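**Q** Handing you this structure, nothing more for now.
Coordinate-derived values only; no laboratory data. Small disclaimer: the values here were computed from a predicted structure and weren't measured. Backbone-built Cβ (ideal geometry, glycine too); neighbour counts: all protein chains shown.
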Amino acid sequence: MSKKDISHLGQKLDFLIEGKNKYGFEIFISYVLSMENVDYVEKFLEFMNDKKVPVNFIIKYPIHDELLTERDINRYTKAIDTILYKMEEGYNVISTKYYLKFAKRHIREKNLWKCYAGSAFFVVDIDGKVGICDRLELERMNYLDITIDKLNGKNFYLVAQKGRQIQEYPDCSKRCLISCAFETSYFVEHPLRFVQKFIMDILKNTKLFRPVQSSIL
Ligand code: SF4
């Protein structure tokens with residue numbers, strides 16, 4: 001993250017912090033950790049720590065295996081270690097240690113986890129188009145055209161898209177660990193463990209009790 005990026009972000013953040021102090025809402029920043037910014041985590045965390053703004057990490061790596069080299073895996077691992085270390089030091093990070101540690105193993109071992117995209121959740125683009133997942137190259141549908149079959153409660157578009165996802169990207173969860181998909185799917189399978197591993201961890205680690213507004217990088 002260059003000095004220019006930080007000063008650019010700093011100006012926007014100062015407006016938000018001013019609003020927060022004036023109107024009493026909470027803010028946090030989501031940092032989508034990708035190939036482009038994976039080496040700037042420490043600098044970013046220090047900057048946010050100075051501003052006293054909590055950070056949430058979403059770990060995103062290329063969905064196609066050939067784009068991820070051993071060197072890149074090491075870069076991600078180093079970044080995640082830095083986040084965990086800073087959490088121990090008391091930096092205000094919203095992400096759970098469970099998610100971060102799972103990500104560290106997942107990026108190397110590529111374990112399959114069951115993703116409930118299309119059944120437990122779906123995505124809506126800014127233009128209103130709906131799809132099961134924003135990482136896969138599947139068609140989107142206009143939300144106005146979505147119908148739910150009254151007899152069995154199914155949306156056939158999403159069911160069809162899920163079928164295509166399974167056919168074309170049968171093991172996409174080996175190469176994806178987007179936190180919202182991972183955590184929602186974990187909740188579906190293990191609701192009690194979810195409270196223990198995620199909710200309790202967030203309450204323990206972050207000074208932010210209940211975020212009501214977020215800003216995404
Ligand atoms: S694992 Fe990732 S890429 Fe695959 S459907 Fe779920 S969110 Fe999409």
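**Q** What about N74, is it part of a helix (DSSP H, G or I), surrounded by fewer than 18 Cβ atoms within 10 Å (Cβ to Cβ) and either in contact (Cβ under 8 Å) with a residue 40 or more places away in the chain or hydrophobic (A, V, I, L, M, F, W, C) (or both)?
**A** no
**Q** It is to be established whether one or more residues within region 110-127 are away from the ligand (no atom under 16 Å from the Cβ), within 28 Å of R164 (Cα to Cα) and surrounded by fewer than 20 Cβ atoms within 10 Å (Cβ to Cβ). Talk me through it step by step, then tell me what you get.
**A** Taking region 110-127 first, the residues away from the ligand (no atom under 16 Å from the Cβ) are 126-127.
When the remaining residues are screened for being within 28 Å of R164 (Cα to Cα), the result is 126-127.
Cutting the leftovers down to surrounded by fewer than 20 Cβ atoms within 10 Å (Cβ to Cβ) gives us 126-127.
Yes - at least one qualifying residue is present in region 110-127.
**Q** Could you say whether any residue in region 150-168 is within 15 Å of the ligand (Cβ to nearest atom), surrounded by 15 or more Cβ atoms within 10 Å (Cβ to Cβ) and assigned to a loop (DSSP other than H, G, I, E, B)?
**A** The answer is no, given that none of the residues of region 150-168 is within 15 Å of the ligand (Cβ to nearest atom), surrounded by 15 or more Cβ atoms within 10 Å (Cβ to Cβ) and assigned to a loop (DSSP other than H, G, I, E, B).
**Q** Here is a follow-up. With among the aliphatic types (A, V, I, L, M), touching a residue at least 24 places away in the same chain (Cβ under 8 Å) and touching a Leu at 6+ places or on another chain (Cβ under 7 Å) as the only criterion, which of V53, V38 stands out?
**A** Unique residue meeting the criteria: V53.
**Q** Could you grab the pairs with beta carbons closer than 7 Å, sequence gap of 6+ or different chains, first residue in region 106-117 and in contact (Cβ under 8 Å) with a residue 24 or more places away in the chain, second one among the acidic types (D, E) and not in a helix (DSSP H, G or I)?
**A** Hits for this filter: L112/D171.
**Q** Could you please find all residues in region 41-75 being among the hydroxyl-bearing types (S, T, Y) and under 20 Å from E183 (Cα atoms)?
**A** Passing the criteria: only Y61.
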